[in-house]
Amino acid sequence: MNPDIETVEAEQSPGVPPVLAVRDLRKRFAETTALDGVTFEVRPHEVVGLIGENGAGKSTLLKMLVGLARPDSGTIELRGRRVKMRGIAQAGAAGIGMVFQEQSLIPNLTVAENILLGAEGPAVVGGLYRWRELRRRAQVQLDKIGSEISVDALTESLSFADRQLVEVAKVLATEERTNAEPVVLLDEPTSVLDRDETEVLFAQIERLRTRASVVFVSHRLDEVLRVSDRVYVLRNGRTVAECVPGDVDEATLRKLMIGRDLAGSHYDEERQLPAREAVRLAVRGLTVKGVCDHIDLDLHEGEVVGIAGVQGSGREELCRSLFGALASRSESVTMHGRPLNARSPRAAIASDIGYVPAERRREGMVGSMSVAENITLPHISEVCAGPLLQRRKERALAEEWIERLRIRTPSASAQLGSLSGGNQQKAVLARWLVSDSLRLLILDHPTRGLDVGAKTEVYQLIRDLTADGVSVLLMADSLEELIAMSHRVLVMKDGRVAEIIDAPAGAKPAPLRVLEGMV
Amino acid sequence: MSVTDKTGAFSRLGDGPRLTQSARRQLLLTVMPVIVLAALVAAIAIANPNFLRASSIWTVLDSAVPLMILASGAMLVILVGGIDLSVASLASMASVLVALWIPALGGWAVPVVIIVCALAGLLQGAIHVVAQVPSFLVTLGGLAVWSGVALLASGASTIPVSGTTLDWTFTRVGAWNVPSAVLIAAALVAVFALVLAFTPVRRWLISIGSSEPAALMAGAPVTQTKIAAFVVSAACAGFAGIMLVGRTFSGAPTLADSLLLPVVAAIVVGGTAITGGFGGIGRTIVGVLIITVLRVGLSVAGVDSSYEQIFYGVLVIAAVAMTIDRSKLPFVK
Amino acid sequence: MAPARLGLAPPETGRAPGSPRPSRRPDRATILADFGPLGALVLLCLLFGFLSPQFATWGNVRNVLDSASVLAVIAVGLTFVLLLGAIDLSIEGVMATAALSVALLVANSRNDLDFGFMGVLAAVAIGAGFGLASGLLSTGLKIPSFMTTLGMSAIGIGIATVLFGGVQPALRSPELAEWASGQWFGLTRLTYVAVAVVLIGILVQRYTRLGRYARAIGGAEELALLSGIPVRRYKTLAFTFAGATYGLAGVMVTTQLGSGIVQAGVGQNFAAITAAVVGGTLLSGGRGGVLHSIVGVLIVTVLVNGLVLIGVSPYVQGAVQGVIVVAAVVITAWPLRKRLRVVK
């Protein structure tokens, strides 16, 4: 047992050897630590819950368990044998399978084919399909979970919940191959199920327990408490607690997820000025088909509104549609009382809106172009005389911002892709600041992947901007960061605004308070 | 979280070393074509010293002109990451149209045909961008359509051009006997070079070709730039068709059809990546010269011209294999 | 997609991002995709039957089936490549080389070789070799298939030109000629060859790993890879199979013409792509199949035949196909449009 783990209920492991034992897994991506010592174990016929905030390391951990990522250090033991997974197929052969949130079934194949894909065994002899055998073997798997789905159905014709069951059956199919009970990883399995479907799934998990071990990952704490025998809490890439549901409640779990109040001074809360009276952006009834449902939002001048919500809550889509990157309908969206028609990002930029995307490398920057070229890309007319580029002016402007934001780069003409993440992000921010007319900046996880120093600089910049009257819509991984930076927090759940919480300087709400509305 | 996200993490991990790799790749793509060209010229000059005489140099350059004009335009489409397979067929159509219209319109036939071709490009570009259909497919369909138009308009026969209307495309000027076509092509290339160097156009082309989502999110005029690339490509094809009519004194529905592969070969051999985002007019000049000199070299070496197609085929595959940016293609279809 | 030009488009698998509650796929759309082309074929036949008295005669039906046979054989092979989500532009080149090879390997006017049906087999094998090369180059060097096959087509035409050498080899093999002109039950023997190839195609598609995995790869390549399917091997195999059918098609054209020419496959590549697409075998991969493509082949052939019968210039055939294929792809791609979707 890892001494670092704060064991809420000192549950001593009974004599049963674990099916799956993970010890001290560590993983660093380029500049961030994704896993910083994760230790947990799953015993036979046990349902283990795994919870943690966004970015706590849940998904990295799951990836490692099915071989989609490799740990830098630490071990994974399956039935007492140390294993190194090299991919889903190999993990399946070892008896560990994952039910993906975005499902991993091939839509245009039949259910039977999907269940046995790549592991048909005697159902394919000499390259020839024996359909009867294939159907029979697939039926065996579906019978295990008591499902009535037809093995001949085309996978894409099934409902989401049914496809999830097919995935479970697919994982169970490893049972015959390994002659052992499989470990089933369920990644946020209830996130897109309705209440009835969720109940069906829970019944299914109970049934699974008789022939498998289950790891249940969810951010819905009530569900985790209901189905799990034990719960592990992940925080900042570490297992910080192991609990037994009977002994803890949701509030305790939430506290464990967020940790002690770390609110450091690097948010510069005292620099948060009150927002101005004038409304800058007024959104009424914004609807993105299937994702956001009649969102209302007022954003004042100089105000930061943080949007909290779990994945799938619709907050990304809300922001993207305001920037014109996603089609939406609305009763009205106005900037300074005038209708805002953001048909495209280009139109939004012309209306003085800026956007810093979460996926910096894909959407935020052109890595093969220079720092200067990236900085001037959205407002290239500022450095043009008529149709002609004024390179000297461009260079001067870029150098000015490189200096003001202290972007560490060999020169303005260095390729942006060659800089560190923090400096890339500052360049991406700079491209919106070069325009004096910037009125609204949408920040989609602006500090993702940055080290502490770079994060602090981004926070400083947000404070400077709001002092100048720029309005900011902010999304962040950590609630602590979101609350510290925002004047108000808009909590979204299932595509709707759940509540709006004031967060004035000096009277910030507790992260727990916000989390309650999210999950 | 999707399965794709999960696998995506791998590519993100590889970012560090890839950058130096991409720098090395870019250097290679810049230096290699020039070395190849120099080596080819040297080899031919050794085999046949007459090759370096002014007169034969002018002849070689002259013969490169239609390819150069076609490649200049098609390069823009490749730069944004698409491809235009219709250029050769458009040039053929232009040759037929100009031959048919010169009797009625005289010299005005030239701009009219170029405009008609540009409109054809506009149609292709608009379908590609608005309906979001892959460019190779739209232009493959275009290839068939424009061939059909050329066949129909010409009745599947060669249409002779008499008179002096197009003489300016195929004559010699000045004390040095410079072919007029070379001067025209040089002027066109100069326009391309100036526009790319002094306006934001190159910025847009490169950003779209390297990272279209980033270009979109930065508000670059993605739709307009992509459509414009197709328009210019088609207009250049039309102009190249007219230049060909000047040489053969006739228009024919399949006159330029065999040029498609040399055009693509020239662009990629010059170092422009078929995946987009990297390349330019200078590289295209080098590529066109390589293809042209190679053709001369083959005949100097006594290789039968029937082998030419095989060479183009091998060359295109080899050049694409060497210049392609595989980091941009997680799954190659 | 991309991707690569086709592949670049994000794979439309699972649920679209941003639709939390995926509804059941409307069955109406599937029915339309499966039976729409058949309906179009019937309508087309009725239309031409109405417009031209010659259309619905037995002689013309035989004509249509006869001229559809070559295209059908090509379409069977192409279907497997399209199922992958790849494309094959090498058909004209492969057919040219196969045509010249067979013409020079059986009894002919140019040389003294006479391998008989072994020559036919050799030509089919040469076609398969081209397909193998396209497949290996696409998967091994990671080059988009439209680029490799474009190059392979040029190579094929080049080889055929070299083999042609300025003198057209005429067939002097009565047995082979019999296959083109001889009839069984009122239809030429080549029609039965085509039917046999179609049947083989259906069996391969339904009962072999090649057929099932090609569909899986086209459906979601990354998922197929994650499931442990040797994607590269099956892609290469699909190209090889397709190459063999093009080789056979080249042989068929040669027996019909009675001599081997470089232009044996001219126009067939585009006609085959058009046929596959209008039949419902989508270029994005994973959809349709051999039967879909065959319905498409009949549509294209009936259209060409009917247009000629009602007096439309044969020169517009290609143009009509061009418009049809782009229109068909636009219609299928239209609902997938998104503001930030990247299509190259």
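FYI, it's all coordinate maths here, none of it is from the lab. Predicted, not measured: the structure shown is a model, and the values here were computed from it. With ideal geometry, Cβ positions are generated from the backbone for all residues, glycine too; neighbour counts draw on all protein chains shown.
For the pair residue C:200 and residue A:198, what calculated FRET efficiency results from E = 1/(1 + (r/R0)^6), where r is the Cβ-Cβ distance and R0 = 51 Å, to the nearest 0.05? Can you show the working numbers first?
Details: r = 48 Å, r/R0 = 0.95.
Between residue A:198 and residue C:200 the formula returns 0.60.
Order these peptides, A:385-393, B:246-254, by their mean beta-carbon neighbour count within 10 angstrom, highest first. Mind showing how you got there, number by number?
Numbers: A:385-393: 12.1, B:246-254: 20.1.
Ranked by mean Cβ neighbours within 10 Å, highest first: B:246-254, A:385-393.
Within the stretch A:381-519, what percent of beta bridges assigned by DSSP are antiparallel, to the nearest 5?
On the way: 8 of 13 bridges.
That works out to approximately 60 percent antiparallel.
So what's the convex hull volume per residue for the Cα atoms of the stretch A:190-291, in Å³?
Roughly 192 Å³ of hull volume per residue.
Per-residue Cβ counts within 10 Å, from other chains only, averaged over A:62-68: what number is that?
3
Principal axis lengths of the stretch C:52-336 from Cα atoms, whole Å, largest first?
Principal axes ranked by extent give 54, 47, 32 Å for the Cα atoms.
Does the stretch B:14-134 classify as rounded, prolate or oblate by the C-alpha gyration tensor (a ≥ b ≥ c root eigenvalues; a/c under 1.5 gives rounded; else a/b over b/c gives prolate, otherwise oblate)?
Since a/c reaches 1.5 but b/c is at least a/b, the shape of the stretch B:14-134 is classed as oblate.
Just how many % of Cα pairs in chain A lie over 28 Å apart, if you round to the nearest whole percent?
When every Cα pair of chain A is considered, 60 percent fall beyond 28 Å.
Starting from 0.36 nm per residue, how many nanometres of slack lie between residue B:108 and residue B:197 once their C-alpha separation is accounted for? Walk me through the intermediate numbers first.
Values: separation 89, 0.36 × 89 = 32.04 nm, distance 3.11 nm.
Gain in length upon complete extension: 28.9 nm.
Of the peptides C:319-328, C:218-227, how do they stack up when ordered by the mean number of other Cβ atoms within 10 Å, highest first? Mind showing how you got there, number by number?
Working: C:319-328: 21.6, C:218-227: 25.1.
Highest-to-lowest ranking by the protection proxy: C:218-227, C:319-328.
Calculated from DSSP H runs of 4 or more alone, at -39500 (n - 2.57) each and per residue, what is the 222 nm mean residue ellipticity of the protein assembly as shown, nearest 500?
Working: 44 runs with 635 residues, N = 1196.
After summing the helix terms and dividing by residue count, I get -17000 deg cm²/dmol.
Can you tell which of B:55, B:305, B:147 shows the greatest fluctuation in a Gaussian network model of chain B with Cα springs below 10 Å?
The residue with the greatest mean-square fluctuation here is B:305.
So what's the projected area for the stretch A:411-451, the Cα convex hull averaged over all directions, in nm²?
In nm², the orientation-averaged hull projection of the stretch A:411-451 is 3.5.
What net charge is computed for the residues neighbouring residue B:215, neighbours being all others with C-beta under 11 Å from the C-beta of residue B:215, Lys and Arg scored +1, Asp and Glu -1?
Cβ neighbours under 11 Å give a net charge of +1.
Using only Cα atoms, find the angle between the long axis of helix C:316-333 and the longest principal axis of chain C, and express it within 0 to 90 degrees, rounded to the nearest 10.
The angle comes out at about 20 degrees.
If you restrict to DSSP beta bridges whose two residues both lie in the protein assembly as shown, what percentage is antiparallel, to the nearest 5? Before the final figure, lay out the partial values.
Working: 54 of 90 bridges.
Looking only at bridges with both residues in the protein assembly as shown, the antiparallel portion is about 60 percent.
Pairing the Cα long axis of helix B:109-130 with the longest principal axis of chain B, what angle in degrees results, from 0 to 90 and rounded to the nearest 10?
20 degrees
Nearest 5 percent is fine: what portion of the DSSP beta bridges confined to chain A is antiparallel?
The antiparallel proportion sits near 55 percent.
Would you give the gap between the C-alpha center of the stretch B:46-124 and the C-alpha center of the stretch A:73-89, rounded to a whole Å?
The stretch B:46-124 and the stretch A:73-89 have Cα centres separated by 61 Å.
What FRET efficiency do you get for residue B:162 and residue B:223 if R0 is 30 Å and r is their Cβ-Cβ distance, rounded to the nearest 0.05?
Calculated transfer efficiency: 0.10.
Report the residue, chosen from C:114, C:66, C:88, that carries the largest GNM mean-square fluctuation when chain C is represented by alpha-carbon nodes joined by springs under 10 Å.
Greatest mean-square fluctuation among the candidates belongs to C:114.
Between B:70, B:52, B:255, find the one with the highest GNM mean-square fluctuation for chain B; connect C-alpha pairs within less than 10 Å.
Checking each option, the largest mean-square fluctuation is seen for B:52.
For the stretch A:368-436, what does the relative contact order come out to in percent, with C-alpha contacts under 8 Å and a separation of six or more?
Relative contact order, the stretch A:368-436: 48 percent.
What area, in nm² and to one decimal, does the C-alpha convex hull of the stretch A:368-436 cast on average over all directions?
4.2 nm²
Quick one: net charge around residue C:76, please, counting Lys, Arg +1 and Asp, Glu -1 for every other residue with C-beta under 14 Å from its C-beta.
0
Report the calculated FRET efficiency for residue A:347 and residue C:327 (r = Cβ-Cβ distance, R0 = 22 Å), to the nearest 0.05.
0.15
With an 8 Å Cα cut-off and a minimum separation of 6 or more residues, compute the relative contact order for chain A in percent.
Answer for chain A is 15 percent.
Could you work out the relative contact order of the stretch B:78-221? I mean the mean sequence separation of Cα pairs under 8 Å and 6+ apart, divided by the number of residues, in percent. Mind showing how you got there, number by number?
Details: 113 pairs, mean separation 43.6, N = 144.
Relative contact order of the stretch B:78-221: 30 percent.
Using a/c under 1.5 as the rounded threshold, could you call the stretch C:187-344 rounded, prolate or oblate? The axes a ≥ b ≥ c are square roots of the C-alpha gyration tensor eigenvalues, and prolate needs a/b larger than b/c, oblate otherwise.
Oblate.
Averaged over peptide C:325-331, how many Cβ atoms belonging to another chain are found within 10 Å of each residue's Cβ?
So the per-residue partner count for this stretch is 6.
How would chain B be classified by its alpha-carbon gyration tensor: rounded, prolate or oblate, with rounded meaning a/c under 1.5 and the a/b versus b/c comparison settling the rest?
oblate
Assuming 1.567 mPa s and 4 °C, estimate D for the protein assembly as shown with Stokes-Einstein, Rh taken as the Kirkwood radius over Cα pairs, in µm²/s.
For these conditions, the coefficient is 40 µm²/s.
Take peptides B:312-320, A:291-299 and line them up by average Cβ neighbours within 10 Å, highest first, as a rough protection proxy. Display every interim value, and only then the final one.
Details: B:312-320: 23.4, A:291-299: 19.3.
Put in order of decreasing packing, that is B:312-320, A:291-299.
I want the local charge near residue C:301. Using Cβ-Cβ distances under 15 Å, sum +1 for each Lys or Arg and -1 for each Asp or Glu among the other residues. Show your work: numbers first, answer last.
Working: positive: C:62; negative: C:66.
So the surrounding residues net to 0.
To the nearest whole number, what is the average tally of beta carbon atoms from other chains within 10 Å of the beta carbons of peptide A:338-346?
3
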